1. Any idea how many residues of segment 32-47 are at pLDDT 90 or above and closer than 13 Å to residue 2 by Cα?
2. Could you pull out the residue among 305, 301, 321 that is in a loop (DSSP other than H, G, I, E, B), exposed (fewer than 14 other Cβ atoms within 10 Å of the Cβ) and over 43 Å from the mean Cα position of the chain (by Cα)?
3. Could you go through segment 140-161 and let me know if any residue there is crowded, with 16+ Cβ neighbours inside 10 Å, without any contact (Cβ under 8 Å) to a residue 24 or more places away in the chain and more than 32 Å from the chain's Cα centre (by Cα).
4. For residue 286, indicate whether it is over 15 Å from residue 229 (Cβ atoms), part of a helix (DSSP H, G or I) and either free of Cβ contacts under 8 Å to residues at least 24 places away in the same chain or touching a helix residue (DSSP H, G or I) at 6+ places or on another chain (Cβ under 8 Å) (or both).
5. So if I check each of 215, 271, 222, which one is under 20 Å from the mean Cα position of the chain (by Cα) and crowded, with 16+ Cβ neighbours inside 10 Å?
6. Would you please list the contacts, defined by Cβ atoms under 7 Å and residues six or more apart or on different chains, that run from a residue in segment 252-263 that is at positive phi to a residue that is surrounded by 14 or more Cβ atoms within 10 Å (Cβ to Cβ)?
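The values are calculated or read from the model by the stated rules, or taken from the named source; none is laboratory data. Model, not experiment: these values are computed from the prediction. Using ideal geometry, Cβ is built from the backbone for each residue, glycine included, and neighbour counts are taken over all protein chains shown.
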C-alpha cells in the first residue's frame, strides 16, 4: 500500500545507512514511519510504499519498502522545507519572506525564474541563481531513489550512489550499470545484469564481460580465497553471462592491461587475482620475509630446560608435538601452525591440563 504525507520530525537516523524513524502526517492521520530514507528531512513530502506493522514496544508503524520524494504540496510544507536548511543560505526568516512573496508560485520561481528571488531583501542576483541551482540539484538527487527502485535496488543504497557519483549518478549508471556492484554488495549480480540488459546493453559488451569477471573474483573472496584458476574463472563467467570463451579471454586481457587484475603463472597453471588482493598478498609476503630475516631477539637458550621448569610450576604436560612447536617458535622468527577447524590450535583443554 502507499501513503502520502509530510515528514513532521525525525526521531532517529542512522547517518551511515540512512535508516530513519520519523513522525509522518497524512491527510487522515499522524503515524510513525520506519525504513531506509536517504535525503529525507523535516518538511519533506513523500509517497511511501510499504505496510503497517505492529511493533511490540512502539505500537503501530508504517514500514517503508521504498518511497518517492515529492515537491512540497502546501505553502506550509514549502516553508518548512526551506527553513530546515535544505538550501544553503536560506534560514527561517528568509524562507518566510520567500513564501510570503511568491506563495503558490514559489517552486516555479526556484525552478524556472530564479532571478525573481532577487526581489527578496537579502538575496542578490548571484545568490538567487546559486540557491536555485541547489534546489534543482536536490531534485535530481531525489530521482536516484526512484531510479534504483525500478531495478529492485533498495533506498538504503541511494546515499552511497550519490556520495560516489553526485547529481549525475543516473546518467553514469545508465552508461554502465555494473558500477553498482562495488557499492551494492548485497544485491545479486544477476539483478544488476538484468538492469543493464533492460537498458539495452548487448550480451557480449566488454563492460558486461569484464564486470562478470570481476564479480567472479569477488565471489571467491567470500570463501577466503585470494585468487582462482583461470580456467575455472572462465567456466564460471561463461555460465553466468551466457557468452563464449573468446569473449571472456578478451575481457581478461583488457582487465589485465588496465591493471584491474593480475595473472600469475605457477608451473603449468595460471591463476588470476583482483589487483588489490594481489597487492595485499605481496605486502604480506614482503613483511614475512623481512621478519624472517631479522634478528631473533626472543631466542631462549636451553629451551628444553626452561620447558621442564614451566611444566613443573604450571602443572601442564606438553606432548612431544607441542614441545616441537615451541622449539620451532624459539628458533625462528616466523612459524606457521596449521590445522583444521576444531583441532584446538590455541586452546587450553582443562580436562587433561594440556595446551593443544
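1. Looking only at that region, the number is 1.
2. 301
3. The answer is no; no qualifying residue exists.
4. Taking the combined requirement at face value, the residue satisfies it.
5. Going through 215, 271, 222 in turn, the sole match is 215.
6. 259/275
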